[in-house]
Amino acid sequence: MIKNCSKCAVRFEITDRDNNFYERLGLLQPSLCSTCRQQRRLSFRNERTLYNRKCDASGKSIISVYDSSAKFPVIDHEEWHKDNWSAESYGKDFDFTRPFFEQYAELYNKVPRMNFINQAGENSDYCNYAYRNKNCYLIFGSHYNEDCHYGNYLWKCKDCIDNLEVIQSELVYEGIYSDSCYNCKFIEYCFNCSDLSFCYDMIGCKDCAFSSNLRNKQYVIFDKQYDEKGYKEAIKHLNTGSAKELARLKEKYMETRKNAIKRNMFQKNCENCLGNDIQNSKNAYHCFNAKYIEDCAYVFTQATHVKDSMDITNIGYDESELLYECVGNSGNNTVFFCNACWHNNNTFYCEQCFDSKNLFGCVGLKNKEYCILNKQYSKEKYEELFPKIIAYMKEKG
């Protein structure tokens with residue numbers, strides 16, 4: 001089926017696969033194309049811009065992803081997790097004479113948000129969408145790292161600086177989309193490598209510089225093979241400590257990269273996938289920057305360990321399934337239209353809710369169940385109200 005996007009007017013296709021997903025989960029077909037849907041999700045995610053502001057609980061100065069003009073209160077994440085306040089106190093009855101989103105907006109602008117999401121970190125205050133980092137500074141969307149600075153989408157790295165999407169690596173500087181590397185600098189698409197400098201698309205290599213497209217090689221410079229003695233003699237003249245010389249070396253690297261053979265799409269261990277930067281995945285359509293996903297479509301930017309989901313962005317490393325229109329989530333099952341929600345089940349239209357299930361239109365709940373607009377219900381009452389609200393929303397468009 002071909003539709004016109006209600007925002008940008010571009011024609012887009014709803015495939016049979018898409019339609020089967022919507023029908024199976026009781027969802028309406030989207031009115032926006034996949035690009036506009038992605039833009040809408042990202043409008044809820046400020047990942048890397050930090051502001052100085054006051055904590056609305058303690059009054060102390062804090063760093064936050066929300067500036068002082070935010071309509072809702074913002075409190076330090078440590079204060080947010082304390083038991084001296086409850087998001088349930090903002091709960092309200094659902095009014096069947098008013099649109100859901102009008103009621104949700106009122107709740108949305110009252111419930112306090114944590115200044116950023118930084119869970120279980122140690123000496124890693126200036127990080128966002130981060131979990132279990134130690135001695136890290138200005139890393140974002142990153143988890144289980146130690147002594148890492150200035151990076152996006154790092155996982156299980158140590159002593160790494162200025163990197164983008166580097167995982168399980170140590171002593172890497174200026175790395176891009178690389179995995180299991182050690183003591184490397186200025187690398188891109190390198191896997192299981194060590195002691196590389198200025199290299200592109202290398203697998204299983206060590207002691208190489210200004211090279212590309214090599215597999216299981218050692219002692220190579222500008223794609224020329226050396227013996228160990230010749231390599232060490234040649235490499236010692238690379239002076240990356242001089243800003244002027246480093247600029248010259250970067251120009252040489254750009255020339256190496258320009259002349260490298262490029263894949264039409266980067267996929268590794270994939271089956272029936274369409275998209276770029278995908279690894280260890282199956283049946284993925286129009287997906288980018290994803291690992292370990294299966295039966296997914298319209299996935300953008302660091303989605304990992306996800307099954308049977310559509311229209312998702314920045315989904316973390318804990319396993320998730322049946323997600324739709326979600327951003328910044330991790331470890332969820334059957335979660336639709338949610339932002340920054342971790343370890344939830346059967347959760348819809350929620351933000352900053354954690355370790356909960358059976359929530360609808362909620363903000364800031366922790367370890368809760370059977371809530372609508374932050375109001376607690378019995379299981380029986382929730383299961384009575386939930387389908388009525390869905391039917392009401394569909395009736396009103």
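The values are calculated or read from the model by the stated rules, or taken from the named source; none is laboratory data. Predicted model, so just to flag it, every value in this text is computed and none were measured. Glycine gets a Cβ as well: all are built from the backbone with ideal geometry, and neighbour counts include every protein chain shown. Remember, those area values only see protein heavy atoms, side chains included, never the ligands or the DNA or RNA. Shrake-Rupley method; radii C 1.70, N 1.55, O 1.52, S 1.80 Å.
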Pairs where the first residue, in segment 217-244, is on the phi > 0 side of the Ramachandran plot and the second is open to solvent by 80 Å² or more (accessible area, probe 1.4 Å) and in a helix (DSSP H, G or I), C-beta under 7 Å, 6+ apart: TYR219/GLU228
Sole exception among (1) modelled with pLDDT under 95; (2) surrounded by fewer than 18 Cβ atoms within 10 Å (Cβ to Cβ); (3) hydrophobic (A, V, I, L, M, F, W, C) for ILE176, by number: (1)
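Of all residues in segment 358-376, which are polar (S, T, N, Q) and either part of a strand (DSSP E or B) or open to solvent by 10 Å² or more (accessible area, probe 1.4 Å) (or both)?
If the condition is that a residue be polar (S, T, N, Q) and either part of a strand (DSSP E or B) or open to solvent by 10 Å² or more (accessible area, probe 1.4 Å) (or both), then ASN358, ASN367, GLN376 are the ones that fit.
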Residue under evaluation ILE261, criteria (1) assigned to a loop (DSSP other than H, G, I, E, B); (2) without any contact (Cβ under 8 Å) to a residue 24 or more places away in the chain; (3) closer than 30 Å to PHE288 by Cα, criterion not met: (2)
Filter result for LYS379 (open to solvent by 50 Å² or more (accessible area, probe 1.4 Å) and touching a residue at least 60 places away in the same chain (Cβ under 8 Å)): no
ILE235 open to solvent by less than 50 Å² (accessible area, probe 1.4 Å), over 21 Å from the mean Cα position of the chain (by Cα) and of a type in the set (A, V, I, L, M, F, W, C): yes
Qualifying residue in segment 211-228 (condition: more than 22 Å from VAL172 (Cβ to Cβ), open to solvent by less than 90 Å² (accessible area, probe 1.4 Å), out of contact with any helix residue (DSSP H, G or I) (no Cβ under 7 Å at 6 or more places or on another chain) and modelled with pLDDT of 95 or more): yes
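Among the residues of segment 210-221, are any within 30 Å of SER124 (Cα to Cα), more than 20 Å from the chain's Cα centre (by Cα) and not in a strand (DSSP E or B)?
The first filter runs over segment 210-221 and keeps only residues within 30 Å of SER124 (Cα to Cα), leaving none.
No: zero hits.
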Given (1) under 30 Å from LYS375 (Cα atoms); (2) in contact with a Leu (Cβ under 8 Å, 6 or more places away or on another chain); (3) buried (at least 18 other Cβ atoms within 10 Å of the Cβ); (4) not hydrophobic (A, V, I, L, M, F, W, C), number of the condition PRO112 does not satisfy: (2)
For ASP18: the one exception among (1) of a type outside the set (Ser, Thr, Tyr); (2) open to solvent by 30 Å² or more (accessible area, probe 1.4 Å); (3) closer than 23 Å to LEU322 by Cβ: (2)
